[in-house]
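Enquirer: Sending over a structure as structure tokens; questions will come in a sec.
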Amino acid sequence: MSNKPFFIDLKQSSEAEILELFKSANHFQKEFFFTFEKTAPVALIFFEPSTRTRMSFEIACNRLGLQTVLLSGKEGTSLEKGETFEDTIYNIAAMDPSLLIVRGGAHLSMQTLAERVGRPWINAGWGAQGHPTQALLDAYSIHKFRGRLKNERVLFVGDIKHSRVVSSHFELAQIMNYEVGLCGPAHLMPSTLDSSFQIFSKLEDGLRWATVVMALRVQHERHEQAVSAPSYEFGLSTKSLSHFSQEGLIMHPGPVNWGVELSPEVASDPRCRILQQVTQGVYVRQALVYHLLRGKK
Ligand code: CP
């Protein structure tokens, strides 16, 4: 993390800092640790829909003794009267929250806004640019359930091009030294890719290589023009997963479109850890909020 209290991406983070976060997450799993009873409330500003990220940040803050206030979507806010996203953020910041946790589209200049606001800030999902807390909780889950992260082979399957989760994993994999494999329909693959990534055109080849497979939702809301969902050859099913290690992990950042990227029977596969990922997300976010607010009143 940078010395500024902003968590916008993972580029400024070191392996030691991330391992320290994981250590704190382990601690928060065991006890609630009310720390911040006298700290100003946390502002959750979600211009885009969310279930997991929003709720797990709320629970993480509550576990730390922090109160939260929420702006969720446009309805009932002055955005409906033409106020800009930027002005909305400046006005909420003027109410003196201890921390802003913000989700928004690609049009937000999140880094510039955070600098201008000058308060602790967490990116809770920003266009296709990044979703760093999701990548962190995925990595923490892999570390926990596989016993290591270094040299793990993580295969992302589906809409690689529009996934902010994958964008953040590109950054995190370099820091934490795990391998990234990509597999998806040609029209949902980025036009340029780092040569360090393994690219698989056939799902079964990728599954034979991987120790972790992360299915991705087709991000229709970020497509410039309507495209069809990937054909089911890129969906994970009992049949395709017969090529995957029995000790491997099946993951998904959520929300899942059952029957598209995962067939329904995958939910009961013993390798499937999707709901456990969500659980770990609370502890990782609790650790991150704790580290950003430590020492602030
Ligand atoms: N993974 C994730 O960001 O889920 P939500 O959109 O429900 O927060």
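The values are calculated or read from the model by the stated rules, or taken from the named source; none is laboratory data. Every value quoted in this text rests on a predicted model; they were computed, and no experiment measured them. Note that each Cβ is placed from the backbone with ideal geometry, even for glycine, and that neighbours are counted across all protein chains shown.
Enquirer: I'd like the full set of residues that are within 14 Å of LEU71 (Cα to Cα) and within 8 Å of the ligand (Cβ to nearest atom), limited to the range 31-52.
Expert: GLU48, PRO49, SER50, THR51
Enquirer: Looking at the structure I just gave you, is SER24 more than 16 Å from the ligand (Cβ to nearest atom) and loosely packed, with under 13 Cβ neighbours inside 10 Å?
Expert: Details: more than 16 Å from the ligand (Cβ to nearest atom): yes; loosely packed, with under 13 Cβ neighbours inside 10 Å: no.
So SER24 fails the test.
Enquirer: Return the residue satisfying two criteria in turn: it lies in the range 240-260 and is closer than 16 Å to ARG52 by Cβ and touching a residue at least 40 places away in the same chain (Cβ under 8 Å), and of such residues it is nearest to the chain's Cα centre (by Cα).
Expert: Across the range 240-260, the extreme among qualifying residues is PRO253.
Enquirer: Would you mention how many residues in the range 113-127 are in a loop (DSSP other than H, G, I, E, B) and away from the ligand (no atom under 14 Å from the Cβ)?
Expert: 3
Enquirer: Filter the range 205-239 down to the residues that are at pLDDT 85 or above, within 15 Å of SER263 (Cβ to Cβ), among the charged types (D, E, K, R) and more than 23 Å from the chain's Cα centre (by Cα) and list them by number.
Expert: The one that is at pLDDT 85 or above, within 15 Å of SER263 (Cβ to Cβ), among the charged types (D, E, K, R) and more than 23 Å from the chain's Cα centre (by Cα): LYS239.
Enquirer: Given the criteria on the phi > 0 side of the Ramachandran plot and modelled with pLDDT under 95, does GLY73 qualify?
Expert: no
For every residue, the table says whether it meets (1) farther than 23 Å from THR35 by Cβ; (2) surrounded by 13 or more Cβ atoms within 10 Å (Cβ to Cβ); (3) within 16 Å of the ligand (Cβ to nearest atom); (4) touching a residue at least 60 places away in the same chain (Cβ under 8 Å).
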residue	(1), (2), (3), (4)
ALA60	no, yes, yes, yes
THR77	yes, yes, no, no
GLY82	yes, no, no, no
PHE85	yes, yes, no, no
ASP96	no, no, no, no
LEU99	no, yes, no, yes
VAL102	no, yes, yes, no
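Enquirer: Right, here's the next one. Could you list, in sequence order, the residues of the range 250-272 that are at pLDDT 95 or above, surrounded by 13 or more Cβ atoms within 10 Å (Cβ to Cβ), in a loop (DSSP other than H, G, I, E, B) and within 14 Å of the ligand (Cβ to nearest atom)?
Expert: Of everything in the range 250-272, those that are at pLDDT 95 or above, surrounded by 13 or more Cβ atoms within 10 Å (Cβ to Cβ), in a loop (DSSP other than H, G, I, E, B) and within 14 Å of the ligand (Cβ to nearest atom) turn out to be HIS252, PRO253, GLY254, VAL256.
Enquirer: Further question on the same structure: Failed condition for VAL69, given (1) free of Cβ contacts under 8 Å to residues at least 24 places away in the same chain; (2) more than 19 Å from ARG164 (Cα to Cα), with all others met?
Expert: If we test VAL69 against (1) free of Cβ contacts under 8 Å to residues at least 24 places away in the same chain; (2) more than 19 Å from ARG164 (Cα to Cα), just (1) comes out false.
Enquirer: For GLY130, indicate whether it is in contact with an Asp or Glu (Cβ under 8 Å, 6 or more places away or on another chain) and more than 26 Å from ASP205 (Cβ to Cβ).
Expert: yes
Enquirer: Now a separate question. Whether any residue in the range 284-295 is away from the ligand (no atom under 16 Å from the Cβ), in contact with a Pro (Cβ under 8 Å, 6 or more places away or on another chain) and under 22 Å from ARG63 (Cα atoms) is what I want to check.
Expert: Checking the range 284-295: at least one residue is away from the ligand (no atom under 16 Å from the Cβ), in contact with a Pro (Cβ under 8 Å, 6 or more places away or on another chain) and under 22 Å from ARG63 (Cα atoms).
Enquirer: For the range 128-151, which residues satisfy the criterion of being touching a Leu at 6+ places or on another chain (Cβ under 9 Å) and more than 13 Å from the ligand (Cβ to nearest atom)?
Expert: ALA139, TYR140, ILE142, HIS143, PHE145, ARG146
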